[in-house]
Amino acid sequence: MMDEREPQWYEQARKGPFQEAKFTDASAEQVMRRLRAESGAVHVRGPRKLRMGILTAVILLILAGAGAFFLRDGPPGKETPAGIGLPVKEKAELTDEELKRIAEQLILKQLGREIPFEKLEYEQRTGRVQLVYSEYSKAYAMLRLNAETGEADAYTMNAAFGPEATDSKLVSDAREKLRELGYTGEFSVTGSTRYVDYGRSPDHSVQVQDVITAADAGINFTNGVYERAGFNIDQSEVSEELKHTGLEALKLLRTGWEDQMTGVVRSTTEGAGDEITLYYGDSPGQDTFVTFDYTTQKVLDVADYSLNVVGLTHPQTEEERDEQLLSMDNAILQSTAAVIADKLYEVNLKEDYTLVKNEPRPGVITFESHSGGPAIEATYNLDGVMYSFSIKRASNTLY
């Protein structure tokens, strides 16, 4: 019987595909806070990675970033490229109610449902107005309109749907694609989420992502086209050699490893990557895993988040911890990391890489190759102990 805990990817799916979308830093944080609330939050233990769950939850990897297009000016009363007809107005500025009506038409068009209004705020310097709509844990929308014309400058919105309200064609396409990828389950749909983003993409297009989920699989379509998928596979399908390699990788982080493998997830990205992740341990967070390239079986990521602990002797405030992490000696960190990374990736980290600290994310360091090889990211705790390593790649679907 499958474990009830959720893999790391499920939390990524909850966040949605538009993690960088923001009108301001404050509004971006609000979007993320709303999206994290869907189906219950999974807390972040480290400065970079999300805490793990396992097996029966949805395995979904949503592409960060989104597309959008800027609406072009058109004659009053004519439908814009976004498909919303603007009212014929002779006065200089629309009323709040008229702006709300335009925003609500956009939401209905893109999501097929209404969302309760929350607030409207004017931007004094830009002549724009921001409107926020929210139904806690079920739907959210933030739109920026021209206060004078009502034209949309940018918006991001999402809504969750039950299985009965999920597009039947997408469900059919999802089942067919998952079978093609090697999934053997029933794909009994538990629900879906639609994410829409507009206003930032160089190709001037609206980006619509549909996430279709089941208890043991999930799949992502962008504008109706398959993009990513993830699904559980039986442990018996994993070779003994791969299991052994996974345990040996974890032992580089922590000696005396005794926990057993508890789950396996395979993830694919159209035209970009195919990976398999082995999960270990029986801690509530399920923060221990090794990710391999599915074809070459080379290690891509390894993490043991039980090592990211804060003892009583360490600084108690977040600011103090961040300062201490950033102040650690680069040479010592590089030497410590090299002991592990050289064996994991068959590299010479001290001689062939340069260490770069990630100041916005204290405790995260990146090793840049001198010869154009892939970068390696690592995390360390307040004692200077390394607890995760990751090869940076275009299809780095877990992070």
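The values are calculated or read from the model by the stated rules, or taken from the named source; none is laboratory data. Predicted model only: the values in this text are computed from it and were never measured. Note that each Cβ is placed from the backbone with ideal geometry, even for glycine, and that neighbours are counted across all protein chains shown. Heads up: the accessible areas ignore ligands, DNA and RNA and are worked out on the full protein's heavy atoms, side chains in. Shrake-Rupley method; radii C 1.70, N 1.55, O 1.52, S 1.80 Å.
For the range 150-257, report the accessible area per residue in Å² (1.4 Å probe, heavy atoms, rounded to an integer).
For the range 150-257, the solvent-accessible area averages 43 Å² per residue.
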Putting +1 on Lys and Arg Cβ atoms and -1 on Asp and Glu Cβ atoms, find which of Gly199, Leu278, Leu250 reaches farthest to the positive end of the dipole of the range 181-296.
-> Gly199
State the extension gain, in nm to one decimal, for the chain segment bounded by Glu237 and His370, taking 0.36 nm per residue of separation less the distance between their alpha-carbons.
-> 44.1 nm
Compute the signed sum of charges (Lys and Arg +1, Asp and Glu -1) over the other residues within less than 12 Å, Cβ to Cβ, of Lys119.
-> -2
Rounded to 0.05, the calculated FRET efficiency for the beta carbons of Ser168 and Glu258 at R₀ = 45 Å is 0.40
Per the Kirkwood formula over distinct C-alpha pairs, the hydrodynamic radius of the range 250-327 in angstrom is 14.8
Tell me which residues come under 5 Å, amide H to amide H, from Ser205 once H is placed; ignore anything under 5 positions away on its chain.
-> Ala68, Phe69
Determine the share of the range 186-322's accessible area contributed by carbon and sulfur atoms, expressed in whole percent, with a 1.4 angstrom probe.
-> 48
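Find the accessible area per residue for the range 280-357; the probe is 1.4 Å, ligands and nucleic acids are left out, and the unit is Å². Could the numbers behind the result be given before it?
Details: 4160 Å² over 78 residues.
Dividing the accessible area of the range 280-357 by its residue count gives 53 Å².
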Can you flag which of Lys169/Lys298; Lys100/Lys138; Lys109/Lys392 are past 26 Å Cα-Cα?
-> Lys169/Lys298; Lys109/Lys392
